[in-house]
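See below for the structure under consideration.
The numbers here are math on the coordinates, done by the rules we state, and not lab data. Model, not experiment: these values are computed from the prediction. Glycine also receives a Cβ, built like all others from the backbone with ideal geometry; neighbour counts cover every protein chain displayed.
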Amino acid sequence: MRLIDDQNNQLGVLSLDAALRIANEKGLDLVEVAPQASPPVCRLIDYGRYKFETVKKEKDQRRKQNVTKLKEMKLRPKVAEHDFQIMFRGREMVHQDIGRRILDRVADDAKPFAVVERQPLLEGRNLFMILAPSRQAAAKEAQPTSA
């Protein structure tokens, strides 16, 4: 096997016994990193520290991810001014234009803090539209409030 030490120096092609002896002398673990290579490549590392660092990197990557939150509002065509309620029942399917007007009204009312990501779309008996926070609203939310 080809052996690489903890400073990324190649020690050459060695037998398994020789590689294990070197690992024990240095107090490190012998880890196979490329078994498909010819000859297989092994590295001398502190495996506990290696696992700790990989877990730490994964946590940092998850923390930096942008998680999308999707909230649903059901709106119906016979909506009052105070509530925007749009799922078509029975003969209400004939009045899809009313539903589209309601969603347009929602988009207009949400303009200061949201942008329309997907225009109103009819899927089955449901008319839906996707709104996303606008950049200005997201920037305001990200700013820490001072007391």
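First select every other residue whose beta carbon is under 14 angstrom from the beta carbon of GLN65; then total the charges, Lys and Arg +1, Asp and Glu -1.
Charge balance near GLN65 sits at +4.
Of CYS42, LEU20, GLN61, which is farthest on the positive side of the dipole of region 2-62, counting Cα position, with +1 on Lys and Arg Cβ, -1 on Asp and Glu Cβ, and the Cα centre as origin?
After comparing all options, I get GLN61.
Take the cross-link list LYS56/LYS111; LYS26/LYS56; LYS26/LYS59 and give me the ones stretching past 32 Å between alpha-carbons.
Values: LYS56/LYS111 40 Å; LYS26/LYS56 25 Å; LYS26/LYS59 30 Å.
From LYS56/LYS111; LYS26/LYS56; LYS26/LYS59, over 32 Å: LYS56/LYS111.
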